[in-house]
Amino acid sequence: MTVPFYVAPEQLVKDRAEYARKGIARGRSIVAMEVREGVLLLAENPSRTLTKISEIYDRIAFAGVGKYNEFESLRVAGIRYADIKGYQYGRRDVTAKSLASAFSQTLGNIFVQGPKPFEVEVLVAEVGPTINEDRLFKVTYDGTLYDKRGYTAIGGQADELSEQLGERYQETPALDEALDMAAQAFRQVEERAISGWEAALLEREGPPRRFRRLSSDDLESIADGEEPSENGAGK
Amino acid sequence: MNSDLFPFGTPFPGAGFTELIRSLDLGPDWTFDAQSVPAGLHTPDATTVLALRYDGGVVMVGDRQATAGYDIAHRHVQKVYPADSYSAVAISGTAGLGRELIRLFKTELEHYEKLEGVRLSLDGKATYLARMVRSQLPLALQGFVVVPLFCGIEPELETSHVFTFDAIGGRYEEQDFGAAGSGSREARSYLRTVYHPDCDQTQAINHSVAALVAAAGQDLATGGPDLRRGIYPNVFTVSAAGVQETDPEIIRAAAEVALEVTR
């Protein structure tokens with residue numbers, strides 16, 4: 001009989017976390033911000049069809065970074081979870097909190113029990129009738145669940161982006177201000193041209209389904225080409 | 001990998017919301033045991049609904065009455081619903097089942113749209129609805145018949161369509177208008193005399209409200225506009241602007257004109 005090598009839990013967690021972080025660091029980042037018009041999600045994404053931001057339910061959106069197949073399967077599971085809950089009970093009973101908690105448990109279990117951890121971070125955003133009722137949840141590869149206020153970021157440059165946004169974000173901005181702010185933060189952190197934007201807004205008011213993708217017209221103000229050069233960062 | 005996520009199994013093409021909840025044993029069960037349905041069980045029936053194509057879109061109208069035998073079960077029932085941004089669906093027949101069918105159908109369309117990132121084609125939606133009706137066949141044979149009516153536009157092609165169905169899930173596209181329910185015969189007879197494919201939205205709304213009045217005049221189960229109680233038909237239009245519920249004032253005016261004419 002072979003005796004399996006003993007690996008200390010500390011070492012196991014450390015190795016897995018390092019592995020997951022490496023994967024995530026390769027992914028381009030995503031920013032979420034509470035704005036007056038709702039909740040803005042902005043991602044750097046060169047692809048027009050493989051999206052990172054998606055509608056989950058009436059007031060809830062999802063964003064994921066890292067390995068596409070992994071966050072895509074989380075997205076699909078999230079939509080299923082939300083639709084089943086809304087069908088079984090009522091549409092108002094579907095909340096970002098329970099969804100984020102489901103992601104957290106799933107990622108936590110996979111981190112400890114799976115053959116390898118998911119190399120992803122996900123963000124669950126919910127727009128409320130007022131800014132105080134907006135919700136931003138961030139779930140990391142090990143299942144840790146963060147409840148954020150005002151703004152947050154996920155992905156390889158999440159900490160730097162959060163720091164940049166923290167310097168700029170004061171009162172709740174309007175949508176166009178927030179777009180500028182987020183785009184500047186991206187450029188400051190990445191120190192290069194941005195390969196393409198993907199953005200969506202959860203609208204504070206309107207019909208029951210509030211998720212709206214921002215078109216390239218909406219994003220014209222932050223498109224590359226007319227970007228401000230005062231950052232002075234070499235690209 | 002998927003089985004580790006949530007207990008949903010691996011998705012396969014065409015696996016919609018209904019299959020998903022069935023696989024979890026949460027799904028609607030439309031196969032009652034024949035002996036379990038007592039004879040003479042009167043459940044509310046929803047009566048007349050109709051849809052009419054006009055230049056640039058389609059209008060869908062339903063009366064508000066549900067009957068159980070000779071009894072008026074409900075006076076304020078809604079039978080016409082937006083199915084998604086560019087289509088609307090209405091039910092006639094057993095009201096309780098019909099409402100559930102619509103709820104499931106709406107969830108199904110939304111579920112597909114979110115998973116795939118695009119809406120189903122109008123044809124695809126109609127096909128799916130026909131399949132749902134077909135799956136209720138065992139209940140229909142026991143007397144719980146649900147017959148929907150479906151209409152909408154194909155936003156990219158800018159074409160409007162009306163689909164009627166039969167109890168076993170047959171699907172028929174109508175060129176001009178369609179109706180379902182106990183007063184549908186009368187409503188169709190009326191529409192045949194006034195319909196013109198070039199009519200505009202206002203005319204289409206007036207015609208369809210008048211058709212309901214005509215149906216109510218002949219069919220006991222159809223509830224016409226009730227001026228005394230202030231109960232008016234539900235009217236939805238589907239056009240390039242999406243599904244819109246018609247302003248109650250416009251409906252009231254159309255109902256008053258229609259009632260005036262028939263007096």
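Couple of notes before you dig in:
A quick yes/no check of all residues on (1) outside any helix (DSSP H, G or I); (2) within 17 Å of the chain's Cα centre (by Cα):
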| residue | (1), (2) |
| --- | --- |
| B:Leu157 | yes, no |
| B:Phe163 | yes, yes |
| B:Glu173 | yes, yes |
| B:Glu186 | no, no |
| B:Arg192 | no, no |
| B:Ala211 | no, yes |
| B:Thr222 | yes, yes |
| B:Thr237 | yes, yes |
| B:Ala258 | no, no |
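- The one condition in (1) in contact with a helix residue (DSSP H, G or I) (Cβ under 6 Å, 6 or more places away or on another chain); (2) touching a residue at least 24 places away in the same chain (Cβ under 8 Å) that A:Tyr87 fails to fulfil: (2)
- Number of residues in segment B:72-93 that are among the hydrophobic types (A, V, I, L, M, F, W, C) and touching a helix residue (DSSP H, G or I) at 6+ places or on another chain (Cβ under 9 Å) equals 6.
- In segment B:106-131, the residues that are outside any helix (DSSP H, G or I) and without any contact (Cβ under 8 Å) to a residue 12 or more places away in the chain: B:Gly117, B:Val118, B:Leu120
- Residue in segment A:137-158 that is assigned to a helix (DSSP H, G or I) and either buried (at least 18 other Cβ atoms within 10 Å of the Cβ) or modelled with pLDDT under 90 (or both) present: yes
- Subset of segment A:52-61 (residues that are within 10 Å of another protein chain (Cβ to nearest Cβ) and under 16 Å from B:Glu116 (Cα atoms)): A:Ser54, A:Glu55, A:Ile56, A:Tyr57
- Residues in segment B:90-141 that are β-branched (Val, Ile, Thr) and away from every other protein chain (no Cβ under 14 Å) were compared, and the one that is surrounded by the fewest Cβ atoms within 10 Å (Cβ to Cβ) is B:Thr127.
- The listed residues are A:Ile79, A:Ile110, A:Ile84, and the only one of them that is among the aliphatic types (A, V, I, L, M), within 12 Å of another protein chain (Cβ to nearest Cβ) and more than 18 Å from B:Phe17 (Cα to Cα) turns out to be A:Ile110.
- Unique match (being hydrophobic (A, V, I, L, M, F, W, C) and either touching a Phe, Trp or Tyr at 6+ places or on another chain (Cβ under 8 Å) or assigned to a strand (DSSP E or B) (or both)) among A:Val112, A:Val76, A:Val65: A:Val65
- Failed condition for A:Val7, given (1) more than 11 Å from every other protein chain (Cβ to nearest Cβ); (2) β-branched (Val, Ile, Thr); (3) part of a helix (DSSP H, G or I): (3)
- Tally, over segment A:93-107, of residues that are away from chain B (no Cβ under 13 Å) and either assigned to a loop (DSSP other than H, G, I, E, B) or surrounded by fewer than 17 Cβ atoms within 10 Å (Cβ to Cβ) (or both): 3
- In segment B:4-45, of all residues being at pLDDT 80 or above and closer than 29 Å to B:His76 by Cα, the one that is surrounded by the most Cβ atoms within 10 Å (Cβ to Cβ) corresponds to B:Asp45.
- Within segment B:71-86, one or more residues are out of contact with any Cys (no Cβ under 6 Å at 6 or more places or on another chain), within 28 Å of A:Gly78 (Cα to Cα) and outside any strand (DSSP E or B).
- Unmet requirement for B:Ile91, which otherwise passes all of (1) closer than 18 Å to B:Ser239 by Cα; (2) touching a Pro at 6+ places or on another chain (Cβ under 9 Å); (3) β-branched (Val, Ile, Thr): (1)
The values are calculated or read from the model by the stated rules, or taken from the named source; none is laboratory data. On a predicted model such as this, the values are computed, not experimentally measured, just so you know. Please note: Cβ atoms are built from the backbone with ideal geometry, for glycine as well, and neighbour counts cover all protein chains shown.
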